[in-house]
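Asker: Below is one structure. I have some questions about it.
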Amino acid sequence: GSVTGVQTCALPIFEQQIERPQLIITPRREILAQYGVTMGDFSRTVAATLGGMRVGEVYDKGFAYDITVILDEDHRETISDVGIVPVATNRGPVTLETLADIRIASGPNSVSREDVERRLIVSANVEGRDLGGTVDEIRREIEKTVTFPENYYVVYGGQFENQKSASRTLALTSIGALLIIFMLLYGEFRSLSQSFIILVNMPLALIGGVLMLAITGGEVNIPAIIGFISLMGISTRNGMLLMNRYNALEEQGEILDDRIRHGSADRLLPIVMTALTSALALIPLAVKAEAPGNEIQAPMALVILGGLISSTILNIYIVPILYRLIQQRKK
């Protein structure tokens, strides 16, 4: 048997198992052999006696009806009635109670199976925390505190499986997006150092996204991860604006300190304007996070909004410093 389907936490719901009376007929194999009765013959006799056996069809006005042979109800109401049911043997008719043990016991009202194994489902929903972390905690607690009988085990299933699959896909997508962005940057600036300086905006944006989730009590779910991936492309824009201006001023012959001071001042307003435009568009989604239908849009908007704020502010200070250090090292 198996216990399967532990989906999440919080007030688990168990698959209902209600006891119901059952008539148990256990054949005595030694006595069956003495009377020359096979298990197949014994089973067919019991099935026909208590459950009925189809022996033919009859047609009435074009409709077919089964002809079933079954013992009369008056002769199968009690254990005593069932016990005196005759069974044909090689030595003549013998009562059923002679060939089998007959008793009444309690058993489950239904038996669920999956992959030819018995299954019992324990399910629950999660509130106030992430789904994957909840399942991991359930797994740890069960492994630490529960000892299962032989042939019993737990299988964890539910929405977290889809989440894991989506997370793996998004991880591969993130790596691919990072490589493509780096190749495009190198194709534009023809410099590994400048490409890496621009890529520094990515962790600067991640800082704001993580802080925004922490402040609002959000979770790192699939929509939030999509927001982080979107930040990869958005955050490089500010670095590209600065780097293009620095290179243009260098071609004009300005020295390093003047180039950094004039280039940063020239690009301050465009950087703030582009970031502000994107942020203003995301504020309505972030403010109405609890509104119906915003379950996916709100976490993504919060992450991008926080990333825009942190990358815009830190970009003005971090990128010029890194650019100055690298240019001095080259000299």
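Asker: How long are the semi-axes of the equivalent ellipsoid of region 264-331, taking √(5λ) for every eigenvalue λ of the Cα gyration tensor, in whole Å from largest down?
Answerer: On the way: eigenvalues 232, 32, 8 Å².
Output for region 264-331: semi-axes of 34, 13, 6 Å.
Asker: Identify, among L120, G92, G176, the residue whose Cα sits farthest towards the positive end of the charge dipole of the chain, taking +1 on the Cβ of Lys and Arg and -1 on the Cβ of Asp and Glu, with the dipole about the Cα centre.
Answerer: Final value for the positive-end residue is G176.
Asker: Follow-up. Please report the net charge: other residues with Cβ closer than 11 Å to the Cβ of V126, K and R +1, D and E -1. Each step should come with its number before you reach the end.
Answerer: Values: positive: R129; negative: E127, D130, E137, E219.
Local net charge: -3.
Asker: When the accessible area of the chain is computed with all protein chains present and a 1.4 Å probe, what percentage of it is carbon and sulfur?
Answerer: On the way: 12150 of 20440 Å².
About 59 percent, which is the carbon plus sulfur part of the accessible surface.
Asker: Work through the residues other than D81 whose Cβ is under 12 Å from its Cβ and net out their charges, Lys, Arg +1 and Asp, Glu -1.
Answerer: Values: positive: R76; negative: D72, E73, D74, E77, E97.
Charge balance in the 12 Å sphere: -4.
Asker: Further, regarding this structure: Among F196, F228, F63, whose mean-square fluctuation peaks in a Gaussian network model of the chain (Cα, cutoff 10 Å)?
Answerer: F63
Asker: Sticking with this structure for a sec: Let me have the relative contact order for the chain, percent, based on Cα pairs under 8 Å that are six or more residues apart. Write down the numbers at each step before the final one.
Answerer: On the way: 408 pairs, mean separation 68.8, N = 331.
It rounds to 21 percent for the chain.
Asker: Can you give the accessible area per residue of region 90-244, in Å², using a 1.4 Å probe?
Answerer: 59
Asker: Quick check on the chain: helices-only [θ] at 222 nm, where DSSP H runs of length 4 and up contribute -39,500 (n - 2.57) each and the sum goes over total residues. Nearest 500, please.
Answerer: Numbers: 11 runs with 190 residues, N = 331.
Computed ellipticity for the chain at 222 nm equals -19500 deg cm²/dmol.
Asker: Counting only Cα, what are the radius of gyration and maximum Cα-Cα distance Dmax of the chain, in Å?
Answerer: 37.3, 119
Asker: Also, I was wondering about something else. Run the simple label-point estimate for S80 and D101 please: 7 Å along Cα→C-beta, distance reported in nm.
Answerer: Simple spin-label model gives 2.2 nm for this pair.
Asker: Note down, for region 68-176, the three equivalent ellipsoid semi-axes (square root of 5 times each alpha carbon gyration tensor eigenvalue), biggest first, whole angstrom.
Answerer: Numbers: eigenvalues 614, 55, 40 Å².
Over the Cα atoms of region 68-176, the ellipsoid semi-axes are 55, 17, 14 Å.
Asker: Another one. Taking K164 as the anchor, which aspartates and glutamates have their alpha carbon closer than 13 Å to its alpha carbon, excluding any fewer than eight residues away along the same chain?
Answerer: D130, D136
Asker: Based on the mean of other Cβ atoms within 10 Å per residue, sort peptides 136-143, 251-258, 234-241 so the most packed one is first. Intermediate results must be reported in sequence, preceding the final value.
Answerer: On the way: 136-143: 12.8, 251-258: 10.6, 234-241: 22.5.
Final packing ranking: 234-241, 136-143, 251-258.
The values are calculated or read from the model by the stated rules, or taken from the named source; none is laboratory data. As the structure is a prediction and not an experimental result, all values here were calculated from the model. As a convention, Cβ positions derive from the backbone with ideal geometry for all residues, glycine included, and neighbour counts pool all protein chains shown. Note: accessible area is taken over every heavy atom of the protein model, side chains too, but ligands, DNA and RNA are not part of it. Shrake-Rupley method; radii C 1.70, N 1.55, O 1.52, S 1.80 Å.
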